[in-house]
Every structure is written in structure tokens, then in C-alpha cells.
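Scroll down for the structure; my scribbles are underneath it.
Taken together, the values in this text are just the output of simple stated rules run on the coordinates, not laboratory data. Remember, it's a predicted structure, so these values are computed and weren't measured experimentally. Heads up, the Cβs are rebuilt from the backbone with ideal geometry, glycines too, and the neighbour counts pull from every protein chain shown.
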Amino acid sequence: MTKEQEQEYLALLDLLSRVREKAKSLITPDRDRLRDAEGLGMKFHFHSTSIFYLSCGTIIKDSPSGEINFVDSASISTIARAALEAFLTFHYVFATPKINLLRDLRHWAWSLSGLCARQKFLATKPEHQKKKAIEGEKIKELHERLASNPEFIYLPKEQKNNIKNGRWRLHSWEKMARDAGLNEWYASTMYAYLCGYTHADSLSVLQIHGAMSREQQEKLSQDSVKNTMIATANMIFLYCDVFPEGESVLVRNPEATQTAKKWRNIGQGK
């Protein structure tokens, strides 16, 4: 990263941290939706911060075979996909729905997906078996809630079955990215590129082989770093949609807020 980009990245991370800290004061044990939104925001924040750390380079000076010094562009791209999906999920589940029925549908469907996934895990310890049994009852409860939600009732049968079985998304990641305001490059091409690194496509290996110097590795990681800065900027404003009290943080930090607007606009192709 250039020095300017590094400073802007740090400004985005700091602003997101301040907005998240403001949001925490609103979360109580009985507010499941807000607690889950904050948890997903934490996941994103960790990803974004780790990418910044990795982009500074990995250096091991005391290795028996000599100093190790490289920029792990592959891990940066892999985590960048996880960060992007966390941002898109936050947008789809927590920020976009303005009607309570749709808000409940998407939150319940997303919550159900994790419970259904854990039911498939092998549980050998008594405490894990007990947890699965408790969560099995929670799944039944969520099914009952969904069955009484008009937004769910009027879905096609296939989509209803998908949700009940833990497949929470009604749209592709690409459509979710476009709905979140990303332009075609970031919504389609860049997402496919990041998926290639996650799934160890041969193209990712070709690129790694072609970037043996640290300078080449930094260059290779640039698009993934920029993609994460765009996602971070968007997350800042989405947080304020879900937790309106965060707006006061933006008002008190006008310079960082302008940086966030700049990177949000880049993602929109402006």
C-alpha cells in the first residue's frame, strides 16, 4: 500500500471501531437481532483488520533457514472474500429490510442456517449431544415462527423448503452485491476472483508463481485490499442504519467520514 492508502485504511478501521463501540451500548440480552448484527459486525471487523496486518508483510527473522519475508497475497484474498460475504450478509439480513415481517424472515432464516449446520456435526461428548438436543427444539421454534410469517407463507414452495433446511439466501452473492450498491466489477468479476483463491483454483497458483518478489506480492494483493476498504466503508454506514446512534460518531469525525464516503463511491464506480 501507498502511505496515503495505509492512512486511509487505518482511518476506516478506527471509524468502524468507534461506531461499533457506540452500538454495543444498545444491545441487551433480549434483543437477539441487534446482538447477532453486532456479532456479524465483529466478524467483519476482525477480517478487515487482519487483512491490513497481512498487507504489511510477514517477517520471521529467526527461522533456521534464514529470514522469511513476504506478503501473503493468497491469504489476503481468501480473507477478503470472507469479509465481503460478511458485509453482504449484514446488508441483506440486518440493514436492508425496512418492514418488520421481512426483517424477521431474513433474521430467522439466517439464524436457522447455523443451527441446521450444527445438527449435522458428529457429537460424541454428552455436553455436545445435550446442546444439539436443545438446538433441535430451537429449530422447531423457528419453523413455527416462519410458518406464521406472511412474507414466508407467500414464498414459492422450493424457497420455503430451502429456508427450513438452512439455506437462508434467496439471492446469489452477485445479486446481493449489486443490491448493496457495488458496481459490476466488484459485484461479479472481483467476487469470482476472490472465490478462486478460496477454492484453490489453478489461476490463483499461477498468480502466486508469477509474484515471487515482495514488490510483486504487494501488487498482487492490491485489488483484494481495495475491495476490503470498500466493504469497510460500506459497513460503517450500514452500522449507522441498524444502530442510528452511530451517526453521532460520523458527525464528530468528519475527515474519516469523508474517507469512508470516498471508498464507498469507489465501490459504486463513482
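Report ³J(HN,Hα) in whole Hz for each residue of segment 139-145, in order, from the Karplus equation J = 6.51 cos²θ - 1.76 cosθ + 1.60 where θ = phi - 60°; Gly and Pro get x.
Here the 3J(HN,Hα) series is 4, 4, 5, 5, 4, 5, 4 Hz.
How large is the charge dipole for the chain, taken about the Cα centre, if only the Cβ atoms of Lys, Arg (+1) and Asp, Glu (-1) carry charge, to the nearest 20 debye?
880
Based on the mean of other beta carbon atoms within 10 Å per residue, what is the order of 249-257, 198-206, 172-180, most packed first?
Taking the mean over residues of other Cβ atoms within 10 Å, the ranking is 172-180, 249-257, 198-206.
Output wanted: per-residue J couplings in Hz (rounded whole) for segment 74-85, from phi through Karplus 6.51 cos²θ - 1.76 cosθ + 1.60, θ = phi - 60°, x for Gly and Pro.
Per residue, the Karplus-derived 3J(HN,Hα) values read 5, 5, 4, 5, 5, 5, 4, 5, 4, 5, 4, 5 Hz.
Along its principal axes, what span do the Cα atoms of segment 1-64 show, with the longest given first and each in whole Å?
Cα spread of segment 1-64 along its principal axes, largest to smallest: 52, 32, 13 Å.
So what does the Cα-only Debye profile of segment 28-92 read at q = 0.20, 0.21 Å⁻¹, as log10 I(q)/I(0), no solvent term?
So the normalised log intensities are -0.80, -0.84.
Specify the residue with the greatest mean-square fluctuation among I68, I163, I51, computed from a Gaussian network of the chain linking alpha-carbon atoms under 10 Å apart.
With Cα springs under 10 Å in the chain, the top fluctuation among I68, I163, I51 is at I68.
With the cut-off at 28 Å, tell me which of the pairs K131/K175; K98/K138; K61/K219; K120/K226 have Cα atoms farther apart than that.
In this structure, K131/K175; K120/K226 lie more than 28 Å apart at Cα.
Cut-off is 10 Å between beta-carbons; in what order do E144, E38 appear when sorted fewest neighbours first?
Neighbour counts put them in this order, fewest first: E144, E38.
Find how much the distance from S113 to E141 grows on full extension, using 0.36 nm per residue of separation minus their present alpha carbon separation; answer in nm with one decimal.
Contour length minus Cα-Cα distance gives 8.7 nm.
So if I average 1/r over every pair of distinct C-alpha atoms in segment 175-238 and take the inverse, what Kirkwood radius in Å does that give?
The Cα-based Kirkwood calculation yields 12.9 Å.
Go through L115, A211, T58 and say which Cα lies farthest out towards the positive end of the charge dipole of the chain; charges sit on Cβ, +1 for Lys and Arg, -1 for Asp and Glu.
Checking the options against the dipole of the chain, the answer is L115.
Of all the C-alpha pairs in segment 112-238, what % are more than 21 Å from each other?
63
Report ³J(HN,Hα) in whole Hz for each residue of segment 102-111, in order, from the Karplus equation J = 6.51 cos²θ - 1.76 cosθ + 1.60 where θ = phi - 60°; Gly and Pro get x.
Each residue of segment 102-111 in turn: 5, 4, 5, 4, 5, 5, 5, 5, 5, 5 Hz.
Would you list the P(r) distribution for segment 108-151, with all Cα-Cα distances sorted into 5 Å bins from 0 and each bin expressed as a whole %?
5, 22, 30, 19, 12, 7, 3, 1
Would you mind getting the Kirkwood hydrodynamic radius of segment 102-179 from its Cα pairs, rounded to one decimal in Å?
13.4
For the chain, with the dipole built from +1 on Lys and Arg beta-carbon atoms and -1 on Asp and Glu ones, taken about the Cα centre, which of Y239, T124, T78 lies farthest toward the positive end?
Ranked along the dipole, the leading option is T124.
For segment 57-133, just the Cα set please: Rg and Dmax, both in angstrom.
20.6, 60
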